[in-house]
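A.B. asks: Here it is, the structure in full.
No lab work stands behind these numbers, since they all come straight from the coordinates. For clarity, every value in this text was computed on a predicted model and none was experimentally measured. Methodologically, a virtual Cβ is constructed for each residue, glycine included, from the backbone with ideal geometry; neighbour enumeration extends over all protein chains shown.
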Amino acid sequence: MTNDTAPGNVQPMVLVERHGARADVVLNRPDKRNALIVPMMAQLRDAFLQVAADDTVHAVLVRGAGGAFCSGLDLKAINAQPQPDWVPDLQRVWRETNVAMAACSKPMVCALEKYAINGGAPIAFACDFLVAGQSAYIVVGEVQRGMAAPNNLAWLQGKYSETIALRFALLGDPVPAPELLRLGVAHAVVADDEVVAQATAM
């Protein structure tokens with residue numbers, strides 16, 4: 001388990017839970033739908049570095065606490081006034097987190113409950129297998145804000161065809177679980193209340 005906690009929190013924002021040879025990396029801001037802030041990104045980076053370096057970890061389950069995967073960047077926190085002192089580090093730490101996910105050689109399974117939105121999408125894309133709930137979806141919606149999506153594009157271009165990458169990045173709409181399965185992004189689509197169990201079984 002990581003040791004850093006968010007201000008006012010009694011729990012870390014990212015948990016590493018061991019179950020024999022499996023490690024669960026758990027996004028742990030359920031009250032914020034696991035939205036990302038820089039301290040949480042740093043804990044996520046460290047979690048992937050930890051499991052990658054541990055020879056007793058043979059597989060990794062990536063999931064969100066509270067029944068949702070990740071709602072993306074916590075824009076309310078990022079845009080708060082006065083500005084949090086971690087905001088200037090956002091791009092650097094998020095890049096380091098993506099590099100740590102890419103460098104993790106352990107097989108990774110994503111339990112996609114509800115959604116992976118914008119900044120949450122690279123965490124799902126980083127996994128080798130994705131088990132999605134029947135009502136779940138992924139959104140790479142930066143284009144609708146007139147923004148670039150460098151991390152999402154890196155994962156999309158590195159893992160999927162140009163057609164699939166463009167479908168996510170240029171349309172910017174929610175891609176539902178059945179479409180994720182058809183595109184080969186999801187390995188399986190299961191009942192919403194079976195996502196974690198099925199991903200764990202895998």
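A.B. asks: Rg to Rh for the range 61-167: what is it, with Cα atoms only and Rh by Kirkwood? Numbers along the way, then the final one.
C.D. replies: Numbers: Rg = 14.2 Å, Rh = 14.7 Å.
With Rg and the Kirkwood Rh in hand, the quotient comes to 0.96.
A.B. asks: Among DSSP bridges having both ends in the range 101-202, what percentage is antiparallel? Round to the nearest 5.
C.D. replies: Numbers: 2 of 12 bridges.
About 15 percent, rounded to the nearest 5.
A.B. asks: Could I ask something else about it? Inverting the mean 1/r over all pairs of different Cα atoms, compute the Kirkwood radius of the range 27-94 and quote it in Å. Working shown, then result.
C.D. replies: Working: mean 1/r = 0.0760 Å⁻¹.
The answer is 13.2 Å.
A.B. asks: Please give the net charge around VAL38, taking every other residue with its beta carbon less than 11 angstrom from that of VAL38, where Lys and Arg add +1 and Asp and Glu add -1.
C.D. replies: Numbers: positive: ARG45, ARG92; negative: ASP74, ASP85, ASP89, GLU96.
Neighbour charge sum, excluding VAL38 itself: -2.
A.B. asks: Of all DSSP beta bridges in the range 17-131, what percent run antiparallel (nearest 5)? Write down the numbers at each step before the final one.
C.D. replies: On the way: 3 of 17 bridges.
Roughly 20 percent of the beta bridges in the range 17-131 run antiparallel, per DSSP.
A.B. asks: Another question about this same structure. If the rule is a partner Cβ under 4.7 Å, which cysteines in the chain fail it?
C.D. replies: Cys with no partner Cβ under 4.7 Å: CYS70, CYS104.
A.B. asks: Would you mind telling me which residue in ASN34, ASN118, ASN79 has the biggest mean-square fluctuation in a Gaussian network model of the chain, where springs connect alpha carbons within a distance under 10 angstrom?
C.D. replies: Of ASN34, ASN118, ASN79, the most mobile in the Gaussian network model is ASN79.
A.B. asks: Could you check the spin-label model distance between HIS58 and GLN91? Points 7 Å from the Cα along Cα→Cβ, value in nm.
C.D. replies: 4.3
A.B. asks: Once label points are set 7 Å from the Cα along Cα→Cβ at both LYS159 and GLN144, what is their separation, rounded to one decimal in nm?
C.D. replies: Each label point is offset 7 Å from its Cα along the Cβ direction, giving 2.1 nm.
A.B. asks: What is the calculated FRET efficiency for ALA21 to ASP173, with r their C-beta to C-beta distance and R₀ = 45 Å, to the nearest 0.05? Before the final figure, lay out each step's value.
C.D. replies: On the way: r = 39 Å, r/R0 = 0.86.
Efficiency, from the Cβ-Cβ distance: 0.70.
A.B. asks: Using only helices, what value at 222 nm comes out for the chain when you add -39,500 (n - 2.57) per DSSP H run of length 4 or more and divide by the total residues, to the nearest 500 deg cm²/dmol? Walk me through the numbers before you get to the answer.
C.D. replies: Numbers: 8 runs with 73 residues, N = 202.
One gets -10500 deg cm²/dmol as the mean residue ellipticity at 222 nm.
A.B. asks: Follow-up question, since we're still on this one. Give the shape of the range 86-125 as rounded, prolate or oblate, defined through the alpha-carbon gyration tensor: a ≥ b ≥ c are the square roots of its eigenvalues, a/c under 1.5 means rounded, and otherwise the shape is prolate if a/b is larger than b/c and oblate if not. If you can, show how the numbers build up before the last one.
C.D. replies: Values: a/c = 3.52, a/b = 1.30, b/c = 2.72.
It comes out oblate by the Cα gyration axes.
A.B. asks: What list of ³J(HN,Hα) couplings, whole Hz, do you get for the range 38-45 from phi and the Karplus terms 6.51, -1.76, 1.60, once you set θ to phi - 60° and write x for glycine and proline?
C.D. replies: 4, x, 5, 4, 5, 5, 5, 4
A.B. asks: If you don't mind, there's one more thing I want to ask. Just give me a number: lysine pairs in the chain, eight or more positions apart or cross-chain, with C-alpha atoms less than 27 Å apart.
C.D. replies: Details: LYS32/LYS76; LYS32/LYS114; LYS76/LYS114; LYS106/LYS114; LYS106/LYS159; LYS114/LYS159.
Lysine pairs meeting the criterion: 6.
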